[in-house]
Amino acid sequence: MRHFIVLAGAALIAAPAAPLAAADNAAPDANKALSEAIQAYRDNDCAKASSLVAPVIAAPASAAPKDLSLAYDITIDCAWKAKDMAKASDYAKREIALAESSDFAWRAAVIADFEGKRYSSAIDTIERMPAAGRGGTLNTFPPSLFMQMHNQIERAGDAANDTRLLAILANPAYDPDDISAKIDGWGDYMRALYARKLLAAGKRDEARAMIADLQGYEAMMEVAFDPGLLALRGRPVDFRAVVEADLARHRAMLDRYPHALAVINAESLDLHRLGRNDEAIALLKAAEPRIATPDAFDDIEDKLPWFWNALGYAYLATGKYDEMVDAFTRGGQLKENGVPNVSQIINLADQQVVFGHAKEALATLDRMGTSPDASPYGLMQVRLVRGCAYAELGQLDKARADLAYAVAHESDDPSTVTALYLCLGDEDAAAASYVRRLAAPVSRRSAMMDLADYDAPDPRMPKSPFAASANRVRKRPEVVAAIRAAGGPVHIHLQPNPF
C-alpha cells in the first residue's frame, strides 16, 4: 500500500521570515507598523498583525518592495490559519502580481486554488512560474503534492487540466529539490503518464519520443500495462532487467547521497522485488544503528516510517510474524507528514489478515480511532482490511457493511471493491468487477497488475486465506477474455509489489 495521509497545504508554507530593514525611502509609519506587526505575528496575535499591515497594503508606495511583500505574507498566513482560504488565495495572487514577491506567496496561490478545486487557476500559476523567473520556486514543491493534484484532477474527469499539469511535470525544467524524486525516478514516471496523454491526443511521434529512454519500475509499469504505449515501444518490458538496473542505480546513489535514508529504502524494495528478502533484511538491519545517530540521515523524519515498513514486508515474505509486527508497530508509532501515522498501521493490519490473525488485525485498526486522518484512498484500505478481517472471522454482516461503503466510493479505489468481493466469497461479483476495471482505462492498470503472472513467492511467506478464491476468479472465461482484450496476460518475473 502507498502513502495514505492527506497532504495539508498549510504544512507546505513556511512562516514568513524576519523582515529585512525597511528601505530608506519607506514611510516611517510603514516601518513602525511592520515592526509592530512582526512582533504581533511572533506572539501569535494574527488579528493585531493583520490590522497593522492593512494600511501598508492599502498604500503600497509607503513601503519598500520587500517589506510590502512581507506585509502580504503575514496577511496570507493569518488568513490560512483562520481557514479563510478565499482571503488567503486573493492576497497571494495580489502579491505575486507585485514587482517583488515571496516564494511563500507563489506556493500559497497554488495550494489554495488546489484545495478549493480551482484546478485551472492553480495550473495557470504553476505555468507562470518559469516565465516569471520562479523555476526555483517550482522546484520547492514536493512531488507528493503534485501527484496528489494529478490524482484528484484525474478523478474529477478534468482531462484538459490533467494534461496541462503532466506537461509541466514531464518537462526536465521541473527538477524537484526533494532528492527522493531522483531516487524514485519521478521524472521518468511523469513522462510515462504524459506520453499516455500525447497518445490519446493522436500525437504518436511525440509519445514515442517521450517513452524512448524511460527507466525505472514505476515508469515501465505504466508502459507495460497500457496497450497503446506498449505498441509504440514495440517490444515487451523485461521487468527483471528493469529492477536489476534500478538496484544498480540505487547502489551507486549510496555514495552520492550518504545521508538519504530513501536510498536504503529503495534498495530494499528492489531486493524484495527480485525475491532476495534475506538480503533486504540484512541491508535494513545494518542501517538500523545509524537511525539512532544524530544527523546520520537528512530525511529521517519523512523516511523512517517507510524504513520500518520495508523491514515489515521483508519479514512478511520470510514468514516471521513477530518480527513483522514489531517492525510495522515501530513505524506506526512515528508521525507521518506531521500527523498521526495511518500507513504502517493499515499495512500491519493487512498482513495480520494474511497470517490468519484477524482479531489482532481489528485491534490494530482500532488504534486509529473511528475517524482516521487518511485520504479517500486510505479510507478505502481501512474498509478493505477490516472487511476481510470480519469475513475471516465469519462476521459477514459487518464485512458487507464495509463492502457497501466501498461500492459507494468505488472511484476512490476500484480494486478495494474487487478484493472485498473475494474476501466475502462472491466470486461472480469479483469476476464482474475485474471485467469492468479491465474495460476502463482509468482502472485497467491496477487490474492488470492484480492479474499479472508473478514469480512464486518465497515458500516461507504465509498464504492469504482468500488466495484460492482469487486464483479461481482469475481463471474464469470472462476474466481471461477481458485480460486478453486489455493486452494481456502479462508475466512479471518478480515478486509482487507489497505496496
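What is the helix-to-structure angle for 277-291, meaning the angle in degrees between its Cα long axis and the longest Cα principal axis of the chain, kept from 0 to 90 and rounded to the nearest 10?
Approximately 30 degrees, to the nearest ten.
Points 7 angstrom from Cα along the Cβ direction at ASP428 and GLU288: gap in nanometres?
5.0
Report the local net charge at ALA406: Lys and Arg +1, Asp and Glu -1, summed over other residues whose C-beta lies under 12 Å from its C-beta. Can you show the working numbers first?
Numbers: positive: ARG383, ARG386, ARG400; negative: ASP402, GLU410, ASP412, ASP413.
Neighbour charge sum, excluding ALA406 itself: -1.
Mind pulling the angle between the C-alpha long axis of helix 396-408 and the longest principal axis of the chain? Nearest 10 degrees, somewhere in 0 to 90.
Value to nearest ten degrees: 50.
For segment 201-209, in order, what is each residue's ³J(HN,Hα) by Karplus, 6.51 cos²θ - 1.76 cosθ + 1.60 with θ = phi - 60°, in whole Hz (x at glycine and Pro)?
Whole-Hz 3J(HN,Hα) from phi for segment 201-209: 8, x, 9, 5, 5, 5, 5, 4, 5.
Treating cross-link reach as a plain straight distance, find the aspartates and glutamates whose alpha-carbon is under 19 Å from the alpha-carbon of LYS182, omitting any fewer than eight places away in the same chain.
Partners found: ASP213, GLU218, GLU222, GLU244, ASP246, ASP255, GLU267, ASP270, ASP298, ASP299, GLU301, ASP302.
Once you put a point 7 Å from the Cα of THR370 and another 7 Å from the Cα of ARG240, both along the Cβ direction, what distance in nm separates them?
That separation, rounded to one decimal, is 5.2 nm.
Distance between Cα centroids, segment 298-328 to segment 233-278: provide it in whole Å.
Here the answer is 17 Å between Cα centres.
What lysines sit close enough to LYS359 to cross-link, taking a C-alpha to C-alpha distance under 26 Å and skipping anything fewer than 8 places away on the same chain?
Filter leaves LYS320, LYS335, LYS398, LYS463.
As an exercise, use a Förster radius of 45 Å and the Cβ-Cβ distance of ASP45 and LEU393 to find the FRET efficiency, rounded to the nearest 0.05.
On the way: r = 54 Å, r/R0 = 1.20.
It comes out at approximately 0.25.
Under a 5 Å amide H to amide H cut-off, with H placed in plane at 1.01 Å, what residues pair with TYR454 once short-range neighbours are removed?
Result for TYR454 returns ILE492.
If each of ALA167 and ALA248 carries a label point 7 Å out from its Cα toward its Cβ, how far apart are those two points in nm?
The modelled label-to-label distance comes out at 3.6 nm.
Could you give the length gained by full extension between ASP84 and ARG155, i.e. 0.36 nm per residue of separation minus their alpha carbon distance, to one decimal place?
Gain in length upon complete extension: 23.0 nm.
Applying 1/(1 + (r/R0)^6) with R0 = 60 Å to the Cβ-Cβ distance of GLU301 and GLU478, what FRET efficiency is obtained, to the nearest 0.05?
0.80
So what are the ³J(HN,Hα) numbers for segment 147-153, from phi and the Karplus equation (6.51, -1.76, 1.60; θ = phi - 60°), rounded to whole Hz, Gly and Pro as x?
Those phi angles translate into 5, 5, 4, 4, 4, 5, 5 Hz.
Let me test this: with uniform point scatterers at the alpha carbons of the chain, what is the Debye-based log₁₀ I(q)/I(0) at q = 0.12, 0.14 1/Å?
-1.18, -1.48
At 20 °C and 1.002 mPa s, grab the translational diffusion coefficient of segment 354-499 from Stokes-Einstein with a Kirkwood Rh over Cα pairs, rounded to a whole number in µm² per second.
D = 135 µm²/s.
Cα axis of helix 261-273 to longest principal axis of the chain: angle in degrees, 0 to 90, nearest 10?
Relative to the chain, helix 261-273 is tipped by roughly 20 degrees.
Between GLU100 and GLU323, what length comes free when the chain is fully extended (0.36 nm per residue of separation minus the Cα-Cα distance, one decimal in nm)?
On the way: separation 223, 0.36 × 223 = 80.28 nm, distance 5.48 nm.
Extra length from GLU100 to GLU323 when fully extended: 74.8 nm.
Kindly write out, for segment 427-433 in residue order, the coupling ³J(HN,Hα) from the Karplus curve 6.51 cos²θ - 1.76 cosθ + 1.60 (θ = phi - 60°), rounded to whole Hz, with x marking Gly and Pro.
6, 5, 5, 5, 4, 4, 5
Send over the Kirkwood Rh of segment 43-113, from the inverse of the averaged 1/r over different Cα pairs, rounded to one decimal Å.
11.8
Any read-out appearing in this document is the output of simple, stated calculations on the displayed coordinates, not a laboratory observation. Not measured: the values here are computed from a predicted model. Here the Cβ is made from the backbone with ideal geometry for all residues, glycine too, and neighbour counts use every protein chain on show.
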